[in-house]
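Accompanying notes for the structure given below.
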Amino acid sequence: MKKIKKKQPWKYLFWLGPFFATVGLTAGLVSGNWGLIPLVFLIIGIVISGAWVVWQSQQSHWWKQRSTQAGTNALVAILAVLVILGLINFLATRYHLRADLTETQLFTLAPQSKELVRGLQQPVKVWVFDVNQNSQDRELLENYQRQGRNFKFEYVDPQTRPGLADKYGVKEYGEVYLESGEKRQLVQKLNETERLSEVKLTNRLQQILNSTTALVYFLQGHGERPIAAGEGGMTQAVEGLSNKNYTASPLNLTNSQVPNDAAVVIVNGPKRGLFDSEVKALQNYLNRGGNVLLTIDPNTDPNLNSLLQEWGVRLDNRLIVDVSGGGVGLGPAAPIITDYGQHPITKDFANGISFYRLARPLEITQVPGVEATPLLRSKPYPNSWAESDLQSEKLEFNPDKDLKGPLTLGVALTRKLTAKSEATPSPTPQASPTLSPLPLPSIQGQATTSPTASPTNQASPTPTAAATTSPTASPTNQASPTPTAAATTSPTASPTNQASPTPTAAATTSPTASPTNQASPTPTAAATTSPTTEKSEKPATESRLVVIGNSDFATNGLFQQQLNGDVFLNSVTWLSQQDQQPLSISPKEVKNRRINLTTAQANVLILSSLLILPLIGLLAAAFIWWRRR
């Protein structure tokens with residue numbers, strides 16, 4: 001028999017609970033005064049609601065029902081998720097954690113950029129004169145700003161702030177300027193196709209922070225890598241040096257010593273032997289605190305054994321073979337280096353890759369007073385070894401002639417200067433007649449001509465190269481045939497010019513010869529003071545030498561590959577003895593990894609993603625249903 005429930009209108013009185021609670025909250029929030037009346041309404045509402053919950057629980061025992069337990073679990077789970085999300089947001093507002101999952105680390109600054117910004121001693125600000133704020137540019141600037149508090153940036157609309165735009169000389173939208181103190185420098189001009197570059201920004205930042213300029217000389221005349229454009233040239237390396245405030249100049253040592261303003265002398269891949277006088281000039285330069293970078297290829301004899309033996313370095317004529325590079329398209333004659341020494345030049349390289357096509361190993365021996373640190377080491381045997389049979393096309397390790405890896409490919413050396421070494425600039429070299437294990441007939445044949453050629457060049461009264469490199473030589477010769485004061489005011493004057501017996505001829509060959517120049521020698525001195533005085537103001541306490549058994553790694557096309565350019569730039573920076581310059585991995589240009597599809601390829605992609613793949617899923621589901629029906 002069906003029971004008919006009696007109407008119980010008093011049950012609706014419990015709706016007064018929420019009503020009084022709402023009234024109390026509304027009164028308190030609107031008036032802003034939680035006085036007696038809002039509290040009374042609020043308490044009454046809470047009491048009535050609580051009584052209703054207790055009464056309902058006693059009548060129906062709903063907390064014991066399965067649906068109640070499931071609902072409670074779901075409610076607790078939802079609250080837990082909300083609490084976790086709240087905590088994550090709370091922590092995210094106070095701590096920054098970023099993970100760049102792109103293959104080329106598109107959203108991560110290079111170590112050199114980070115080191116520069118973190119080491120800022122004064123505020124630096126980037127002004128972007130543009131109306132639109134590109135998200136990619138802003139992301140890059142924010143990455144810089146996260147590295148240091150002294151880095152700021154600001155977008156400026158030239159129309160709304162014309163005074164500031166005139167101050168920087170802004171001519172069009174998209175110009176980016178860098179400001180540090182009273183210094184301002186244009187970084188680049190942005191447009192739709194060219195966005196803000198980390199390479200340019202870091203280079204300008206380095207230039208504006210470093211006020212000194214150092215001269216780097218590239219020795220020429222023996223088949224070295226040219227610093228001009230062309231195949232096998234060094235224009236990219238020279239540009240990289242320019243971004244670091246280095247000035248590259250060619251150097252000819254046949255008639256003079258190494259200039260006093262030289263921060264670093266680079267002997268890059270000579271194919272013929274240097275004259276003994278040139279080797280002597282390099283030795284004297286090192287003995288007075290100079291710095292030299294030697295990159296020497298296999299199958300060449302640069303006649304530098306006497307110099308290298310003073311530093312405990314011996315050139316091995318064998319060829320480094322690395323059979324592990326086939327997977328990346330490099331042959332066995334291009335060793336891949338991932339093992340670097342603990343040295344400032346390579347401290348940030350970790351397991352980065354640099355490669356060297358046709359490289360020779362170096363043998364390092366300890367010499368008193370010289371500190372040697374291997375920079376580049378090849379892989380252990382059997383992945384690499386030093387091959388002695390260069391004529392055979394089949395590369396196999398021969399225990400009798402070949403040398404097992406790992407092999408040293410580059411080394412950094414330091415020698416402290418002493419009073420004795422400065423007083424005697426030509427330390428007695430130890431004879432090294434038996435250094436080369438493999439004879440090189442062609443090189444030796446060229447080397448035999450050096451003794452006869454050297455006297456003829458020294459006897460030449462009018463060397464054109466020397467005349468062009470020393471503009472002050474002609475006025476000094478014209479002023480007095482043998483003036484001792486003129487010899488001291490011209491740092492680059494060669495002895496052959498001063499000894500010229502025909503001063504009138506020198507006057508006619510000099511394009512700047514004029515009577516007024518004789519009375520004012522100071523302008524020529526002022527023109528050469530900027531780099532020269534900086535070098536003389538810093539007395540060297542040590543000389544440095546870096547030797548690498550390959551010169552091809554820093555040429556055009558290979559300079560920007562992997563860490564090749566960083567090996568070269570860091571070596572020069574370390575050699576220049578400028579401790580304020582960062583030694584790290586420079587930023588690289590972002591590669592365009594866009595995929596350009598044809599119309600047919602795009603149609604196949606659309607059909608496969610929107611039709612074929614969903615259809616396969618439906619068929620699979622139907623098959624499973626049919627099997628389980």
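The values are calculated or read from the model by the stated rules, or taken from the named source; none is laboratory data. Computed from a prediction, not measured in an experiment: that's the story for all the values here. Don't worry about glycine lacking a Cβ; one is built from the backbone with ideal geometry, like all the others, and counts go over all protein chains shown. These area figures cover heavy atoms from the full protein model, side chains too; ligands, DNA and RNA do not enter into them. Shrake-Rupley method; radii C 1.70, N 1.55, O 1.52, S 1.80 Å.
May I ask you to verify whether GLN59 is within 23 Å of ARG204 (Cα to Cα) and open to solvent by 100 Å² or more (accessible area, probe 1.4 Å)? Against the criterion (within 23 Å of ARG204 (Cα to Cα) and open to solvent by 100 Å² or more (accessible area, probe 1.4 Å)), GLN59 does not qualify.
The residue that is nearest to ASN260 (Cα to Cα), among those in the range 186-216 that are open to solvent by 20 Å² or more (accessible area, probe 1.4 Å) and assigned to a loop (DSSP other than H, G, I, E, B), is THR213. Residue pairs whose Cβ atoms lie under 7 Å apart, separated by 6 or more positions or on different chains, with the first residue in the range 83-96 and open to solvent by 100 Å² or more (accessible area, probe 1.4 Å) and the second basic (Lys, Arg), are HIS96/ARG146. Looking at this structure, is GLU142 over 25 Å from GLN562 (Cβ atoms) and open to solvent by less than 70 Å² (accessible area, probe 1.4 Å)? Judged against the criteria, GLU142 is a match.
Number of residues in the range 28-50 that are at pLDDT 85 or above and open to solvent by 50 Å² or more (accessible area, probe 1.4 Å) equals 11.
State all residues of the range 197-213 that are touching a residue at least 60 places away in the same chain (Cβ under 8 Å) and more than 17 Å from ASP137 (Cβ to Cβ); if no residue qualifies, say none. Correct list: GLN206, ILE208, LEU209, ASN210, THR212, THR213.
For the range 263-278, a tally of residues being under 24 Å from THR555 (Cβ atoms) and crowded, with 21+ Cβ neighbours inside 10 Å returns 11.
Looking only at the range 279-302, decide whether some residue is in contact (Cβ under 8 Å) with a residue 40 or more places away in the chain, more than 28 Å from GLY369 (Cα to Cα), of a type in the set (Val, Ile, Thr) and crowded, with 18+ Cβ neighbours inside 10 Å. Yes, there is a match, as at least one residue in the range 279-302 is in contact (Cβ under 8 Å) with a residue 40 or more places away in the chain, more than 28 Å from GLY369 (Cα to Cα), of a type in the set (Val, Ile, Thr) and crowded, with 18+ Cβ neighbours inside 10 Å.
For the range 217-234, a tally of residues being in contact (Cβ under 8 Å) with a residue 40 or more places away in the chain, under 15 Å from ILE266 (Cα atoms) and either within 19 Å of the chain's Cα centre (by Cα) or open to solvent by 20 Å² or more (accessible area, probe 1.4 Å) (or both) returns 4. Would you be able to say whether some residue in the range 367-382 is crowded, with 16+ Cβ neighbours inside 10 Å, closer than 16 Å to ILE296 by Cβ and of a type in the set (A, V, I, L, M)? Yes - at least one qualifying residue is present in the range 367-382. Restrict the check to the range 235-248 and report whether at least one residue is part of a loop (DSSP other than H, G, I, E, B), open to solvent by 40 Å² or more (accessible area, probe 1.4 Å) and either modelled with pLDDT of 90 or more or among the hydrophobic types (A, V, I, L, M, F, W, C) (or both). The answer is no, given that none of the residues of the range 235-248 is part of a loop (DSSP other than H, G, I, E, B), open to solvent by 40 Å² or more (accessible area, probe 1.4 Å) and either modelled with pLDDT of 90 or more or among the hydrophobic types (A, V, I, L, M, F, W, C) (or both).
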